[in-house]
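Each remark here refers to the structure printed beneath this line.
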Amino acid sequence: MTTRKNPEDLRSYRWFGPDTMRGFSHRSRMLQLGYRREDFTGKPVIAIVNTWSEINPCHAHLRERAEAVKRGVWQSGGFPVEVPAFSITETYMKPSPMLYRNLLAMDTEEALRSLPIDGAVLMGGCDKTTPGLLMGAISTNLPSIFLPAGPMLRGNWNGQPLGSGTDLWKYWTERCAGTVSEEDWNAIEGGIARSPGFCMTMGTAATMTALAEAMGMTLPGASSIPAADSNHVRLAIDSGRRIVDMVWEDLKPADILTLPALRNAIAVDMAIGGSTNAIIHLVALARRRGLDLPLPVFDEIARHVPVLANIRPSGEFLMEDFYYAGGLRALMAEIKDLLDLDCRTVNGKPLRQNLEGARIVNPKVIRGREAPLAESGGTAILYGSLAPGGAVIKTVAADRRFWQHTGAAVVFKDYPDMEARINREDLNVDENSVLVLQNAGPLGGPGMPEWGMLPIPNKLLRRGVRDMVRVSDARMSGTAYGTCVLHVSPESYVGGPLALVRDGDSICLDIPGRRLDLLVPDAELAARRSHWTRPSPQDRGYLALYRERVTQAHEGCDFDFLAPGMAQADPEIF
Ligand code: FES
């Protein structure tokens, strides 16, 4: 039987209940806002943590959705307050939105802890907002429910569906190759983003919201509903209704985010052919929860989970199609035997119960087990002399010809160097070369930008080359594709072996053997290391803090002082 809290046990009661000078002050200011005492005293105070911003098109509808959440909170006898949070917009934030994920996590954590809040509805979806919000909520461990912003509708160009990112890369490549006219290019620009919501390919946004659902942090089915669908409004209302009960039941993130729940998320990540960014975020989430999630766990799970979601960039369709095909519940039901169905979710029920009745409606979009897109998961973890801390490759996005490949390195010391030289006609490169980008990692980028899909040199594009082996300490957009080895750790900026690679060195990629090696004698590497010096930039403000305290990719890129998962005590009220 679920025990329920008494009103006097609510966290907010410490602010509003006592007959003290402070209690008077807190209540009087609520009255100043036009509320009656009975509106908020002894009722769960629910923070609607809203990452809406006028410069975040993926969250353009979240102001309206906040009103729907409020409706649900009032209906269930709670008291809603909207709390704005730092809005990380993937498209505009430079040098990399990843730089700011930890800032959103801190913003969320500190707002929830310092205010009279009993529970939270977390509203986000654009890439880093999902992990940022969840990391903050895990650290405060207040009852929380995640409300995904939802994917945007399919893009459209001349009746052809267009996918965020994926079709941008595809048609830009064709434009560079001279096969797309200016008129067509402009029409594509006008048709690729047609509604509010996040990228509707299986990029980081769709991946992370799906994993939030797989972990049990959303209502069942929440992550697949398009932002513009009226079901999304009802989802917002239902989330508001449910969080009030979660507070009374004292159902907290630590009760939901267990190791089996995280393993479920990894299995789903593989089955959807999810973004490689999810690996970094899941490691960070686990660490916030005080759990260890080493990279080999991803590889182990990937080996026995088939890819079933036929969604771009690995597949053919888009998130709107995924929703109509049955959505994430249908996909999870199809891999039930690979999941821990006893995991508890925010609606208080085990996953088993939430998946009852779910079925695939369109097997072209969500494949059955008998006809998967790939027999085993879409991601491999590589180790070797070039990546002693590990590296990641999205195998489903890589050309099979390159799964075992040795080639000569063409090295760019940073992104500006690459921009300046990649398309020079005298660049010594061919289709068997390995393009290497240095100084694009967590500290080097900084913020580990999504530069990992290095462009194919124009002179090779014109010869029909569309994929090459690329190696970097950067990340890659979940909407991107190609044989791109990412997250090489330790990164070159801190002196990882990647920093020592020179033009012409042989690099061996062996995906079946899970290896990435630099075929240079140890003595030569030692000589190069003796001449290597770490960059010493003049940083200020947040960037200075970031470069001083951020961890490496295989450790989740969280700040070292936030990762251990230690709960900080509630503030005293004097
Ligand atoms: Fe927001 Fe892609 S830009 S999810």
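The values are calculated or read from the model by the stated rules, or taken from the named source; none is laboratory data. This one's a predicted model, so the numbers in the text were calculated from it and none came from an experiment. Glycine gets a Cβ as well: all are built from the backbone with ideal geometry, and neighbour counts include every protein chain shown. Side chains are part of the model used for accessible areas, which takes the heavy atoms of the whole protein and leaves out ligands, DNA and RNA. Shrake-Rupley method; radii C 1.70, N 1.55, O 1.52, S 1.80 Å.
Annotations for the structure displayed:
- Rolling a 1.4 angstrom probe over the chain with all protein chains present gives an accessible area of which 49% lies on carbon and sulfur atoms.
- Figure legend: label point modelled 7 angstrom from the Cα of ARG303 along Cα→Cβ; residues of the range 344-378 with amide N under 19 Å from it are 374-378.
- Remark on the chain: CYS176, CYS199, CYS343, CYS484, CYS508, CYS557 stand apart, with no other cysteine beta carbon under 4.7 Å.
- Computed from label points 7 Å out along Cα-Cβ, the spacing between ARG528 and ASN362 is 4.9 nm.
- By a 1.4 Å probe calculation restricted to protein chains, LEU257 has an accessible surface near 10 Å², given to the nearest 10.
- What separates the Cα centres of the range 254-276 and the range 9-44 is a distance of 39 Å.
- Label point of GLU572 set 7 angstrom out along Cα-Cβ; within the range 1-31, no amide nitrogen lies under 11 Å from it.
- The chain - mean residue ellipticity at 222 nm from DSSP helices (-39,500 (n - 2.57) per run, n ≥ 4, rounded to 500): -10000 deg cm²/dmol
- For a straight C-alpha distance cut-off of 23 angstrom, the lysines reachable from LYS5 (same-chain residues fewer than eight places away being disregarded) are LYS43, LYS70, LYS252, LYS349.
- For ARG463, the accessible surface of its heavy atoms amounts to roughly 150 Å² (probe 1.4 Å, protein chains only, rounded to the nearest 10).
- Contact order for the range 237-362, expressed relative to its length and based on alpha carbon pairs under 8 Å spaced 6+ residues apart, stands at 28 percent.
- Surface per residue (accessible, 1.4 Å probe) for the chain, Å²: 39 Å²
- Put ARG194, ARG514, ARG470 in order of accessible area, highest first, and with a 1.4 Å probe you get ARG194, ARG514, ARG470.
- For the range 464-574, the fraction of alpha-carbon pairs in successive 10 Å shells from zero, as %: 10, 30, 31, 19, 6, 3, 1, 0
- Annotation: the antiparallel percentage among DSSP beta bridges lying fully within the chain is about 45.
- With all pairs of separate Cα atoms included, the range 71-117 yields a Kirkwood hydrodynamic radius of 12.7 Å.
- In a DSSP loop and with at most 15 other Cβ atoms within 10 Å, the GluC sites (Glu not before Pro) in the range 1-99 are GLU54.
- With all protein chains in place and ligands, DNA and RNA left out, the 1.4 Å accessible area ranks LYS43, LYS336, LYS364, LYS394 as LYS364, LYS336, LYS43, LYS394, largest first.
- Ranked from largest to smallest solvent-accessible area, with a 1.4 Å probe on the protein heavy atoms, SER492, SER506, SER230 come out as SER230, SER506, SER492.
- GLU300 - accessible surface, heavy atoms, 1.4 Å probe, Å² rounded to 10: 80 Å²
- Dipole magnitude (debye, nearest 20) for the chain, charges at Cβ of Lys, Arg, Asp, Glu: 800 debye
- GluC sites (Glu not before Pro) within the range 413-462, DSSP loop, no more than 10 other Cβ atoms inside 10 Å: GLU425
- Chymotrypsin sites (Phe, Trp or Tyr not before Pro) lying in DSSP loop within the range 35-114, provided at most 10 other Cβ fall within 10 Å: none
- By the equivalent-ellipsoid construction on the alpha carbon gyration tensor, the chain comes out with semi-axes of 42, 26, 22 Å, ordered largest to smallest.
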